[in-house]
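Structure first, then comments.
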Amino acid sequence: MVKIRNEFARDIDARETLLDRVWGPARWQKTAERLREGRKPAEGLSFIAEENGCLIGTVRLWRVGAGPARPALLLGPLAVEEARRGLGTGTALMQRAIAAARRLGHQAVLLVGDAAYYRRFGFSAQKTGALWLPGPYEPHRLLGYELAPGALDGARGLIAATGRLAPMPSLEGVIAGRAGADTAVRHAA
Ligand SMILES: CC(C)(COP(=O)(O)OP(=O)(O)OC[C@H]1O[C@@H](n2cnc3c(N)ncnc32)[C@H](O)[C@@H]1OP(=O)(O)O)[C@@H](O)C(=O)NCCC(=O)NCCS
């Protein structure tokens with residue numbers, strides 16, 4: 001049975017391994033990654049899907065500004081283990097993430113992804129046309145969802161990271177290649 005739960009520190013290695021398997025090193029080149037690197041996810045908004053003790057899915061949300069003075073969340077990456085797809089796990093992760101964001105009082109969620117998948121959760125490019133990301137992207141894949149009606153009305157400007165900074169690895173740790181430094185970097189991912 002698949003269980004959706006909050007991510008804990010002990011899940012980080014398995015989550016990173018899953019993301020490496022799904023996208024390979026190309027994941028670090030995504031423009032959305034520029035809004036996540038060096039930051040912590042929004043409080044209480046990192047989720048995993050677990051089946052028989054194995055991590056099979058992941059989704060996180062990140063604090064951003066959708067233009068000036070308009071707090072929002074950026075969702076992603078969303079991924080499910082290839083062999084476990086088509087069974088509703090992606091949907092369960094999305095529903096849990098959106099419900100939690102709403103409960104915590106967030107106003108809107110943005111993401112870069114396929115409208116063909118995300119429209120079932122209410123996402124569209126209707127109000128994201130005057131927003132832009134800090135790097136190349138396909139505008140029709142920049143999607144938004146309002147948790148509060150009208151939250152993206154008139155949204156305009158650069159989408160910028162506003163989340164808490166992740167701890168930097170210590171210089172000694174980097175030089176020595178110690179596990180502690182690695183952990184700090186992986187927290188930031
Ligand atoms: C997208 C993803 C998370 C969906 O996970 P999942 O557990 O298979 O999702 P669900 O079982 O809830 O939904 C499966 C449905 O979504 C559809 N779907 C999956 N990816 C899709 C896409 N990119 N575009 C349109 N439909 C898509 C499937 O065809 C299936 O359709 P059906 O319900 O009509 O059979 C998973 O396919 C994945 O990890 N893909 C690789 C990473 C990725 O693309 N992440 C999203 C970034 S855009």
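Quick note: the coordinates plus some simple rules give every number you see, no bench work behind them. Keep in mind that what you see is a predicted model, and the values were worked out from it rather than measured. Note that we place each Cβ from the backbone using ideal geometry, even for glycine, and neighbour counts take in every protein chain shown.
Residues in the range 99-121 that are more than 14 Å from the ligand (Cβ to nearest atom) and outside any strand (DSSP E or B): A99, A100, A101, R102, R103, L104, G105, H106, Q107. Selection over the range 133-145 of residues that are surrounded by fewer than 19 Cβ atoms within 10 Å (Cβ to Cβ) and either over 16 Å from the mean Cα position of the chain (by Cα) or touching a residue at least 60 places away in the same chain (Cβ under 8 Å) (or both) gives a count of 7. Only residues that are part of a loop (DSSP other than H, G, I, E, B) and under 13 Å from the mean Cα position of the chain (by Cα) were counted in the range 1-50, giving 10. Scan the range 24-48 for residues that are polar (S, T, N, Q) and over 19 Å from Y137 (Cβ atoms) and the total you get is 1.
Of all the numbered requirements in (1) crowded, with 22+ Cβ neighbours inside 10 Å; (2) within 16 Å of the ligand (Cβ to nearest atom), A72 misses one, and that requirement is (2).
Taking the criterion of being polar (S, T, N, Q), in contact with a strand residue (DSSP E or B) (Cβ under 7 Å, 6 or more places away or on another chain) and outside any helix (DSSP H, G or I), the only residue of the range 51-98 that qualifies is T58. Restricting G24, G38 to residues that are in contact with a helix residue (DSSP H, G or I) (Cβ under 6 Å, 6 or more places away or on another chain) and more than 24 Å from T91 (Cβ to Cβ) narrows the list to G38.
None of R63, R84 is touching a residue at least 24 places away in the same chain (Cβ under 8 Å), within 11 Å of the ligand (Cβ to nearest atom), surrounded by fewer than 23 Cβ atoms within 10 Å (Cβ to Cβ) and on the phi < 0 side of the Ramachandran plot except R84.
For the range 122-145, filtered to residues that are over 20 Å from T91 (Cβ atoms) and small (G, A, S), the residue that is nearest to the ligand (Cβ to nearest atom) is A125. Surrounded by 13 or more Cβ atoms within 10 Å (Cβ to Cβ), of a type outside the set (F, W, Y) and on the phi < 0 side of the Ramachandran plot, is that true of L104? For L104, the condition - surrounded by 13 or more Cβ atoms within 10 Å (Cβ to Cβ), of a type outside the set (F, W, Y) and on the phi < 0 side of the Ramachandran plot - is met.
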